[in-house]
Every structure is written in C-alpha cells, then in structure tokens.
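Report on the structure given below.
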Amino acid sequence: MATNNIINAITEPFKTLRNTTFARLYFAQIASLFGDAFTWLGLALLTYEISPRYAAAILASALTLRVTAYIIFSPFAGVVSEKFQRKQILLITQFARMAIVCMLPFVNAEWQLYALIFALNVFAAFFTPTYRAIIPQIVEKEIYREANGLSMATFQLLSVFGPALAGIVAVWLGATQIFFVNGATLFIAILFILSIPKASLQRGVSSDNAVPQKTWGEVLKGIRLLFGNKIVRFALSIEFISAVAGAVVLVNTVGLVKTSLELDDKHYGWIMSVFGVGAAITAFLLGSLDKSKTRSVSLISGAMLIGAAISFANFVPYNGLMFLWILAGIGQTLADMPSETLIGENIEPKDQGKVYGAHFAFSHLWWAIAYPIAGFLGTQFPNREFLYGGIATIVLAIIAILMFRKSN
C-alpha cells in the first residue's frame, strides 16, 4: 500500500501532461530554462574575458541589473498579460531574448554587457508572469497543484544540473559560443508556443480587461490584491523569511566549505547540488501529497525547517552539512511554493495576471534585500553567520505566524 502511494505521488504530476496545451507550454519552459543555464555560465566566463581583475564586480553588477529589471517591469507585465494576446507576448519576448543572447558573443565592453543583460531580463520579466498566469487557466482545477509542482520542480532541477552540463559544453564549444546554444533552445521554445492555439492561452481573460484603463491603477490594484488577501499576504511574508535564509546559503556556503572546512571546489559543487535536489524533489512531490485547502502548514514548517537547518551549519563536519543542506532545500520549497498555488486559488481569474506580476516583482525584491543581509552576516560574523541567520529566520517566522493568527 505504501509503495503504491509513493508510486502515485511520483507519477501523478506527469499526468498533467495529458493536457496538450499545458504540455506544450511546459516543454517550452524546459527549453527556455535549459538555455538560460548556458547563458549565465557563459556570462561568468565572458566577464572574466572582458576584465579578469574586476570579473566578480562586473558579474555582481550584471546580476543586480537582472533583479532590478524584474522588480521594475514585472508588475507591468501582469497588466499587459490581461490586455494583449498572451501568445503574442510569449512569442515576442522569446524572439527578443533569442536575439539578445545571440549578440552576447560579440560583446567587448562592460557597457555593452550591462545593456544587453538589462534588456534580456526586461523581456524575461514580461515572459515569466504571463507564463505563470496562464497555468491555472489551462489546467483543470483538480490538477493545478500537480501542474504547478511539476513546473517548479523542473525549474529547481535545471538550476542544479543545467550549469553542470553547460560547463561540459563550454569546454567543447568555448566560452562565448555557448550563448548560441541558448539561442537554439529559445527557438525550440518558440516552436512549441507556435503550436498552441491562440484561444487556449486566452482562457480566463475577461473581455472587460480589454477596456482601456490606467496602467498605474492596474499595477496598484495587483499589489493591493496581493497584500489584501490574508493567506497570500502571509505566504509572501514567509517568502521574505525564506529569502533571508536562502541568501545566507547562497552567499556564505562557499566560504564555509573552502575556508572553515578547508575543502575544494568539488565539495562546494556537491553541497550546493544536494541543496537544489532537496528543493526539486519537494517541489515535485508537494503538489501530489498536499490535498488540503490550506497551505499554512507547508509555509510554517518550511520556514522553521530551513531556519533550523542552517542554524547548525557552523558546527558540523562536511557530511553533516550535506544532510542539513538537503533539509534546507526541502524547507525552502515548502516555504516558497504555496504562493503560486494560493494566487491561483484565491484571486479571481480576471485579476490573476496583474497579481502574478506583482508577486514576481516582490519575490525578487525580497532577494534584493536578503543578499546584503547575508553579506553583512558573512563579513561581520564569519564563524557564526549561519547560526545568526538561522535564529533570525526562526524569530521572523514566529512573528509572521503570530501576526497571521491575530488577523484571523
């Protein structure tokens, strides 16, 4: 019986691919995300070619521009997705991204790199919220959690294994030529999108949205709806707490492994892989296992788990750290993933586009705030950064829980 339950939990998310519209959109996402791994590895190599001495600063600036583009343009993307043909939005953004990544091999100056990276992520900021707003409209309500889980798990897995494969290909093709691989994958994504009937992607879009309205008003409405729903607001607060813990992991693990534990790059690669795998497996299974109407248990347990896991990181050997980082990956998915489902379940279909756009912007704003916090802990408390980061995570989670219960 238990074996059958496990098998069902593993296979159930793939049943969502019987929905041909979702399947085509899902494979377009795979192609796009797979190519992105090549671009971001190629970007690191390209910055070193431009300026070996200042490569880290250039890369950090490029990544900051990436987050900035998301924060500025994502709320508008949600509004645009409700007023224009979604198929056109997906195709235009993918064509533009394909053109931009194919220009990156010819960059020979910092300003060119910054301009292209910012433009690339402006179009990504329009693509992703539109993609997320489409999913709850094209899949049956009964399988939405599984579809969302499959999508999120794919993102996590490709973020782990994509760069590793990109590194292998880079040895074969060269540092700059791998940008053309992303161009090819984006072209494949375009072909999948072209195969989807236009009407299928317009489901849930009210004709009222075609009436001209002030864009700023619609953006503010998306933000009000995002923070106006109690459970969605609670989920967003947990996402911020999870971002603080996640940023501590991403920023400070390399120092913990290479300085404190005196190990090499290989060990750092393995430790970050298990973090990603823990997150991916949880995303894959969560949609199948969680059939409840509330996600509060997942949100609370996720925040507490990642906080507790990183709290002990300064005091364990490498094998212990491997175990803790699996738990941290699980906790991060439990804390982050319910927001996507909650928006689909609690926001009216005609408003979901603008709310997904607002959510995408604020979720990246949380990371923009969390990264400096993680950097401060790492520089000021080099032997206790994870302990203090974990304590802060747990304390913030308790405050969020108490405020949520008080509002009910």
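Could you calculate the contour length gain from His267 to Glu140, that is, 0.36 nm times the residue separation minus the distance between their Cα atoms, to one decimal place in nm?
Full extension from His267 to Glu140 adds 41.4 nm.
Grab the beta carbon distance between Val67 and Thr176, set R0 = 22 Å, and tell me the FRET efficiency rounded to 0.05.
0.35
For the chain, what does the helix formula give at 222 nm: sum of -39500 (n - 2.57) over DSSP H segments with n ≥ 4, over the residue count, nearest 500 deg cm²/dmol?
Computed mean residue ellipticity for the chain: -28000 deg cm²/dmol.
Taking region 322-408, how much of its Cα-Cα pair set, in percent, is spaced more than 19 angstrom apart?
When every Cα pair of region 322-408 is considered, 57 percent fall beyond 19 Å.
Where in the chain is the longest stretch that carries no GluC sites (Glu not before Pro) classed as loop by DSSP and with at most 15 other Cβ atoms within 10 Å?
263-408
Which one, Gly331, Gly255, Gly162, has the greatest fluctuation when you compute a Gaussian network model over the chain with C-alpha springs under 10 angstrom?
Gly255
Kindly flag which residue pairs out of Lys87/Lys266; Lys141/Lys230; Lys83/Lys141 have an alpha-carbon separation exceeding 31 Å in this structure.
Lys87/Lys266
Considering only Val80, Val244, Val297, give the residue with the highest GNM mean-square fluctuation for the chain, with springs between Cα atoms whenever their separation is below 10 Å.
Taking springs between Cα atoms under 10 Å, the residue moving most is Val297.
Quick check: residue separation of Phe376 and Ala115 times 0.36 nm, minus the Cα distance between them. What number comes out in nm? Please report the intermediate quantities before stating the final value.
On the way: separation 261, 0.36 × 261 = 93.96 nm, distance 2.88 nm.
Additional length available on full extension: 91.1 nm.
Place a label point 7 angstrom from the Cα of Ile92 along the Cα-to-Cβ direction, then list the residues of region 118-146 whose backbone nitrogen is under 12 Å away.
What the label zone holds, given the 12 Å backbone N cut-off, is 123, 126-127.
Only four residue types carry charge here, +1 at the Cβ of Lys and Arg and -1 at the Cβ of Asp and Glu. Report the dipole size of the chain about the Cα centre in Debye, rounded to the nearest 20. Could you put the intermediate results ahead of the total?
On the way: 29 positive and 21 negative charges, 201 e Å.
With only Lys, Arg, Asp and Glu charged at Cβ, the dipole is about 960 debye.
Enumerate the helices in the chain for which the Kyte-Doolittle hydropathy averages -1.0 or more and the C-alpha atoms extend at least 24 Å along the helix's axis, using complete DSSP H runs.
Numbers: long enough: 20-50 (44 Å, 0.94); 55-83 (41 Å, 1.27); 86-103 (26 Å, 0.97); 110-138 (42 Å, 0.94); 144-173 (40 Å, 1.01); 230-255 (39 Å, 1.56); 265-289 (36 Å, 1.00); 318-336 (26 Å, 0.94); 352-380 (42 Å, 0.41); 385-407 (33 Å, 1.54).
The answer, listed by residue number, is 20-50, 55-83, 86-103, 110-138, 144-173, 230-255, 265-289, 318-336, 352-380, 385-407.
Give me the number: length gained by fully extending Lys406 to Met103, i.e. 0.36 nm times residue separation minus the C-alpha to C-alpha distance, one decimal in nm. The partial results should precede the final answer.
Values: separation 303, 0.36 × 303 = 109.08 nm, distance 5.31 nm.
Taking 0.36 nm per residue and subtracting the Cα distance, the gain is 103.8 nm.
As a footprinting exposure proxy, order Val316, Val232 by other Cβ within 10 Å, with the fewest listed first. Write out the running numbers ahead of the final one.
Values: Val316 14, Val232 22.
The order, fewest Cβ neighbours first, is Val316, Val232.
Specify the residue with the greatest mean-square fluctuation among Ser242, Ser81, Ser260, computed from a Gaussian network of the chain linking alpha-carbon atoms under 10 Å apart.
Most flexible of the set in this elastic network: Ser260.
How far apart, in nm, are the 7 Å Cα→Cβ label points at Thr20 and Ala184?
2.9
Cut-off is 10 Å between beta-carbons; in what order do Ser32, Ser301, Ser296 appear when sorted fewest neighbours first?
Ordered by Cβ neighbours within 10 Å, fewest first: Ser301, Ser296, Ser32.
Given the C-alpha centroids of region 50-75 and region 360-400, what is the distance between them in whole angstrom?
If you average the Cα positions of each part, the centres end up 20 Å apart.
If I model a spin label at Ser301 and Tyr318 as a point 7 Å from the Cα along the Cα→Cβ vector, what separation in nanometres do I get?
Reported label-point gap for Ser301 and Tyr318 is 3.2 nm.
Between Tyr48 and Leu220, how high is the FRET efficiency from 1/(1 + (r/R0)^6) when r is the Cβ-Cβ distance and R₀ = 60 Å? Nearest 0.05.
About 0.90, to the nearest 0.05.
Hey, can you rank 191-197, 67-73, 348-354 by average C-beta count inside 10 Å, highest first? Intermediate values should be presented prior to the final figure.
Details: 191-197: 16.3, 67-73: 18.7, 348-354: 21.1.
Order by mean packing, descending: 348-354, 67-73, 191-197.
Here, each number is a calculation from the coordinates, and none is a lab measurement. Only a predicted model underlies this, so the values are computations on that prediction, with no experimental measurement involved. With ideal geometry, Cβ positions are generated from the backbone for all residues, glycine too; neighbour counts draw on all protein chains shown.
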